[in-house]
Amino acid sequence: MKGYAGKLLRVNLSNGKVSKEEISDSMKRDFMGGRGFAIKLLWDEVKRVDPLSEKNKIIFSTGPLSGQLLPSSGKMVIASKSPLTGGYGDGNIGTMASVYLKKAGYDVVVVEGKSERPCYLSIEDENVKIVDASDLWGKNTFEAQDILEKKHGRNSGILLIGPSGENLIRISTVMSQKGRAGGRPGMGAVMGSKKLKALVIKGTGNVSNFDDNKLRELGKKGYEEIKGKESYDFWMRQGTMQAFDWCNENACLPTYNFKEGVFEFSKEMDGHVLEKLNIGRKGCPMCSMQCGHIIKDSSGQGAELDYENVGMLGPNIGLGSLPQVALLNRLADEWGLDTISLGSCIGFLMEASEKGLIKEKVRWGDFETAQKLVTEIGRGEGLAKIVAGGVRGASETIGKGSHRWAMHVKGLEISAYNCHACPGMALSFGTSPIGASHKDAWIIAWEISTDRFSYGKEKVEKLIEFQRLRGGFFESATVCRLPWVEVGFGLDRYPEYLEAITGSRMTWEDLYEMGDRIYALIRAYWKREIPQFGRKWDYPPDRWFEEPHSGGKMKGVKVDREKYEQMLSWYYELRGWDQNGIPLKETLDRLGLKDVSKEIMGQVG
Ligand code: SF4
């Protein structure tokens, strides 16, 4: 099939073996790329292993749209069995590594085994080497990026971890280009466990597409369409930070560890403040709507911001200064810590301190202490040891009912939307296939603009449609969803792109079915890896059901548990899963996953 480099590169760090394998047409047709390839490989090859052992594998996977001359296509997916959740984990990242990987002749890299000494992987077309990285070990991601760029040239795609990944901190992510991050559920710790500091990728070839002229024409039109959109100018001024004001107005800003939805200092740090402080922009390759906004942080250095990190390192920990949030964010990027999980962990410690559950004083909005905590969490030292395994692990350590306000689903910290008054978004977090990520179904804007307080079946149907699009198609194609989400770029362009790239015309029905196959396989993976996995994994924390907002326009509102149960039951029914959330045999068979149904049949509850 056209549009793919056609090869999987496999590197075993235990024995140094490097091999190249053909990717079959059926794999491309049934799983497309990105997340689809990742779950298929993990299902086939990574079975009931300790995520931080040498038996786990880490997958770097592109899709047919990755790196093409198309809007916002410079993405790849990084996936592994997650050390944070124990189930399937992945994240997408915008990086030149995605573009160069395909140019080097590979769609996917699978790294397995474990090196004895720190190393990095150098991929230059046919030349693949495991290189000693003793001099890089311990360096932060900015320093290591500079060293590797100096050595390999700026025309390299670099993926790397910081000291937190080396220290096996389970909320560590993978970084690229000093600000791009991906792999929230501990992908950085998986690299650290393999003593793999980085991948440096260079490529000089070109992927052969079905109709390059057509693709060029479509790509040019796509960029023009995005620029002509009404909301484009506002997006360029505020990017994802336009959500800050909106969330505050709609009482869904994560505030004081998700207790409240409105922050008293919001006007001092919203998108308009960002506009005034902005000194530049950064983003992913191939993107004409770059969303990383740079301001001077409180130490005077440039630091990048977007909504998620401002929400979680600002209101969620009671901090109302954008330059101070920017400094925390920069530190997190240097250490290689996921900013969403980090904000949740700091918020958890602040609340634990307020409730007298820990002896240390960690006050809301205390910038100095928060700064110290970032470093301690990166090192896994001191008070921060409690949260080294995320807030789920912290609540297990502290006990005393703290699980009720440990803000996670399946072990992954909730991203920056408080859902006391958004039941559809609560269900979205509850059913996301990696834990509480907004990536799969950001239904909140639709929900608030329609019937916000409905728990109706139509909301569940919409949620599944969003998951099929966002978590199925965009994550597997692999291309950024934000042109569609944020400026209304036409969804119909994507089947046209796929046709010009691969030569096959796929309808949205075909693409949705592929998304369903990927979701069912991910679900089966959770069940196989965690035999007791089932319905109770699909709930947000008790806080949203039990503690209504104490103020703001949603004062007194919380999620209705009984009605949530009904929505969850409809969700399973619509997906063709049983009421314990496990795909039925007939569903797996229909999706071409017969062997999978055989393997988990004995476990179906
Ligand atoms: S919109 Fe943002 S996340 Fe998406 S490709 Fe562009 S810079 Fe990257």
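Couple of notes before you dig in:
- Using a Förster distance of 35 Å, the FRET efficiency for S19-E249 (Cβ separation, nearest 0.05): 0.05
- Taken about its Cα centre, segment 397-469 carries a charge dipole of roughly 240 debye when the Cβ of each Lys and Arg holds +1 and the Cβ of each Asp and Glu holds -1.
- Per-residue extension of 0.36 nm, minus the Cα-Cα distance of D44 and E461, leaves a gain of 147.1 nm for this segment.
- Once the chain from T507 to K536 is taken as fully extended at 0.36 nm per residue, the excess over their C-alpha distance is 6.9 nm.
- For segment 158-174, Karplus couplings with θ = phi - 60° (6.51, -1.76, 1.60), whole Hz, Gly/Pro x: 10, 10, 8, 10, x, x, 5, x, 4, 7, 6, 6, 6, 9, 8, 10, 9
- Kirkwood hydrodynamic radius of segment 276-343, Cα pairs, Å: 12.0 Å
- Projecting label points 7 angstrom from Cα along Cα→Cβ for Q371 and K276 puts them 2.3 nm apart.
- Directionally averaged projected area (segment 194-274, Cα convex hull): 11.1 nm².
- Gyration tensor (Cα) of the chain, equivalent ellipsoid semi-axes in angstrom: 32, 28, 25
- Sequence of V108, V487 once ranked by neighbouring C-beta atoms within 10 Å, starting from the fewest: V487, V108
- Cα-based Lys proximity count in segment 446-605, under 17 Å, for pairs eight or more positions apart or on separate chains: 10
- The label-point distance for E264 and W446, in a model that sets each label 7 Å from Cα toward Cβ, rounds to 3.8 nm.
- Efficiency of FRET from Cβ geometry, S288 and D135, R₀ 35 Å, rounded to 0.05: 0.40
- Size of charge dipole - segment 474-605 - debye, nearest 20, with Cβ of Lys, Arg +1 and Asp, Glu -1, no other charges: 360 debye
- For segment 343-455, the C-alpha radius of gyration sits at 1.18 times the compact-globule guess of 2.2 N^0.38 Å, with N the residue count.
- HN-Hα J in Hz across segment 516-530 - Karplus 6.51, -1.76, 1.60, θ = phi - 60°, x for Gly and Pro: 5, 4, 5, 4, 5, 5, 4, 4, 4, 4, 4, 5, 5, 6, 10
- When you filter the GluC sites (Glu not before Pro) in segment 192-267 for DSSP loop state and at most 16 other Cβ atoms inside 10 Å of their Cβ, you are left with E230, E264.
- Simple spin-label estimate for D125 and L357 in nanometres, 7 Å along Cα-Cβ: 5.7 nm
- Kirkwood hydrodynamic radius over Cα pairs of segment 379-436, then Stokes diffusion coefficient at 10 °C and 1.306 mPa s, in µm²/s: 130 µm²/s
- Farthest towards the positive end of the charge dipole of the chain, among the residues A436, L328, L84, is the Cα of L84, using unit charges on the Cβ of Lys, Arg, Asp and Glu.
- Inter-centroid distance (Cα atoms) of segment 406-453 relative to segment 491-524, Å: 24 Å
- In terms of Cα atoms, the Rg and Dmax of segment 24-68 work out to 12.1, 36 Å.
- Estimated FRET transfer efficiency when R0 is 35 angstrom, pair R237-D595 (beta carbons, to 0.05): 0.10
- From phi via Karplus (6.51, -1.76, 1.60), per-residue ³J(HN,Hα) for segment 47-61 in Hz, x at Gly/Pro: 10, 6, 10, 6, x, 9, 9, 5, 6, 6, 10, 10, 10, 10, 10
- Per-selection Kirkwood Rh - segment 7-110 (Cα, Å, 1 d.p.): 14.0 Å
- Distance from segment 559-581 to segment 8-85 (C-alpha centre basis), Å: 31 Å
- Contour minus Cα-Cα distance for E562 and E381 (0.36 nm per residue): 61.0 nm
- Every Cα-Cα pair of segment 71-203 was included, and the share exceeding 26 Å stands at 12 percent.
- Principal axis dimensions, largest first and in whole angstrom, of segment 66-142 by Cα: 40, 34, 25
- If only the Cβ of Lys and Arg carry +1 and only the Cβ of Asp and Glu carry -1, the dipole of the chain around its Cα centre is close to 980 debye.
Values quoted throughout were computed directly from the atomic coordinates according to the rules given, and no laboratory measurement underlies them. Just so you know, these numbers come straight off a predicted model, no measurement behind them. A quick note on method: Cβ atoms are made from the backbone with ideal geometry, for glycine too, and the neighbour counts reach across all protein chains shown.
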